[in-house]
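Have a look at the structure below before the remarks.
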Amino acid sequence: MFTRRQLTGAVAALSLLGSAGMAFADEVYIPLVSKGFQHQFWQAVKQGADKAGAEFGVKVSFDGPDNETQVDKQIDMLSAALANNPAAIGIAALDSQAVIPLLKKAQEAGIPVVAFDSGVDSDIPVTTATTDNKAAAALAADKMGELLGGEGKVAVIGHSQTSLTGIDRRDGFVNELAAKFPKIEIVAVEYGDGDHLKSTEITKAILAANPDIKGIFGTNEGSAIGVVNGVREMGAKVTIVGFDSGKAQKDAIREGLMAGAITQNPVGIGYETVKAALAASKGEALPKIIDTGFYWYDATNIDDPTISAVLYD
Amino acid sequence: MTTAKAQPERPAPVRRAGGAHQKLLAFASLIVLVIGFSIASQRFFQIDNILSILQAASVNGVLAVGVTLIIITGGIDLSIGTMMTFCAVITGVVLTWMGAPLLVGVLTAIATGAACGLLSGTLVTKARIPPFIATLGLMLVLKGLSLIVTGTKPIYFNDTPGYTEISTGSLVGLVMPQFPLPNGVLVLFLVAAIVGWILTRTVLGRYTFALGSNEEAVRLSGVNTDRWKIAIYALAGAICGIAGLLISSRLNSAQPALGLGYELEAIAAVVIGGTSLSGGRGTILGTLIGALIMAVLTNGLRVLSVAPEWQTVVTGVIIIVAVYADQLRRRKAA
């Protein structure tokens, strides 16, 4: 009885979903497949996308896998989005190679593709709305170098070893330090998958292995919070530079525990992606890259209107 | 309680003796790992780092202690990771959104876990859904609910003074300033001691083993097996609630997206500790040692700066070797 009732419920729910899907069929539909949706960063991107959707009168959907390693789930989401006959699609690829077969399919079906957040190693996307992550991480490196007076040991806690943003931020930071601050030594580069607790444990292990470490860079929100936690728990004196925002990171900067962080413009990324996708669906020409910008913020400018507009809790 | 009368039963001592070898084996592996890492790096065996390792073991350890109970009954619980998160989220709702006092928050976390466990226990027994499936479903339901309740935003505990002390404060440090053992580790030891006592000294513990060895025989002897099993799932759920308190107080926030994957790490600790996945056999001390082995391994490999991708490979190999060594020992004993 119990299971039969459950089954009937499930069938009813499915049919509801089906009819809802069909109701949208004749609207201009732009699905965005993101790298995630639970992190505050992605929620801010979604907010921008929804804003553009309301402004231009298009139906926007936003979906993403649970964490930044689930390349397979993202591909499923992308093929589901393509099956819904969209006007154009937005994609923030977790693995820039893995999505190419599906993007080819989109191209053959005449569905323009707009990449956002990370680029894709292909010329299929008509444009990419993104932060220049290498330049942003290089700015983080410049600030770190200045704060340390140009010397000391530094570690990096990355959020991904495989995604383009993970690689760009790591390389942008490491290369800039090597080029401008030859006396700074990178002693460890580890990856915590953006998981707060994992990044905390990694930070503590790095501090245990290198008690004389002077600076740590966390490459996204979860990584940076992990660094803050680990340093706080060890009672270490370390210059921390973060990336993105979120309440915990903002608090750490106000408390002085974190020196500062790089923020992207996530709302802008979402907004520009939908705007570009709509333009592409009408056949308009677009620049190859839409740079959505980035900023350094610290205790001195965290409340400036330009900065607080792009920070999120 | 009939505890006192039921205590001198035959099966329990036999099993405890059986577990002793495994505990010895697991304990020996732990010692070997610690000595190995200490030789490889002088940074490893420092008080600060040992405290870090213990603290890293606390959340996983508490989860593992809880799920040990269920695994001994021959069941499995895949929902513990997201259940932990869900308990943390509900605690956040009660403390931060409603402004309840700290103690109410603590009790809420435990009660939420117990309620979730009650639900999965009922699904397993009354609805006859296999534990793997019932808890897989619950894992997803709880994950979704955490995101829905929070609106995908983390809930912070800034307005509850003392909340972070649950995990990161140190009562031991007040007495022994040179060894500030984090409270989270105390909680782990306390939970392990209580559950170890329940498992070896009470009727509930005796039925936990009996259900895992031969559930049909227990039922035929006139015992209401469903009721006992539900109680075990509820107890394991309550322990998940404690893990929820530990992780959220450590992060000063309930992070709704965390939790997935934590169940497998806990199950790995249980298995390394010599508890049989087919049920009927296992010890809490073994699980505790299993959790410590996992924490020592991840910390040690990082302190040695082993490349991250190899850290994962080595951890996997150690899990397989630990269980294989246990198999060899049991074959010899048989």
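At-a-glance table
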read-out: Sorted peptide list for B:100-108, A:196-204, criterion being average Cβ within 10 angstrom, highest first; value: A:196-204, B:100-108
read-out: The protein assembly as shown, helix-only ellipticity at 222 nm - DSSP H runs n ≥ 4, -39,500 (n - 2.57), divided by all residues, nearest 500; value: -20500 deg cm²/dmol
read-out: Peptide-level mean, for A:160-172, of C-beta atoms on other protein chains within 10 Å; value: 0
read-out: Among B:PRO130, B:THR160, B:GLN311 the positive-end extreme of the charge dipole of chain B (Cβ point charges); value: B:PRO130
read-out: Relative packing of A:208-216, B:81-89, B:210-218, A:37-45, which averages over residues the other C-beta atoms within 10 Å, highest first; value: B:81-89, A:37-45, A:208-216, B:210-218
read-out: Rounded, prolate or oblate (a/c below 1.5 giving rounded, otherwise prolate when a/b exceeds b/c) for the range B:7-333 by Cα gyration tensor; value: oblate
read-out: Prolate/oblate/rounded label for the range B:165-281 (Cα gyration tensor, a/c 1.5); value: prolate
read-out: Fraction of antiparallel bridges per DSSP, chain A only, in percent to nearest 5; value: 15 percent
read-out: Global form of the range A:133-264, assessed from the alpha-carbon gyration tensor, a/c cut-off 1.5; value: rounded
read-out: Cβ neighbours within 10 Å from other chains - mean over B:295-308; value: 4
read-out: Shielding by other protein chains, A:203-216, mean Cβ within 10 Å; value: 5
read-out: Under the span-like rule (Cα at least 27 Å along the axis, Kyte-Doolittle mean at least -0.5), DSSP H helices of chain B; value: B:11-40, B:47-72, B:102-125, B:131-150, B:225-251, B:284-303, B:308-333
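Read-outs: derived from the displayed coordinates by stated rules, not from any lab. Only a predicted model underlies this, so the values are computations on that prediction, with no experimental measurement involved. All Cβ positions, glycine included, derive from the backbone under ideal geometry; neighbour counts span all protein chains shown.
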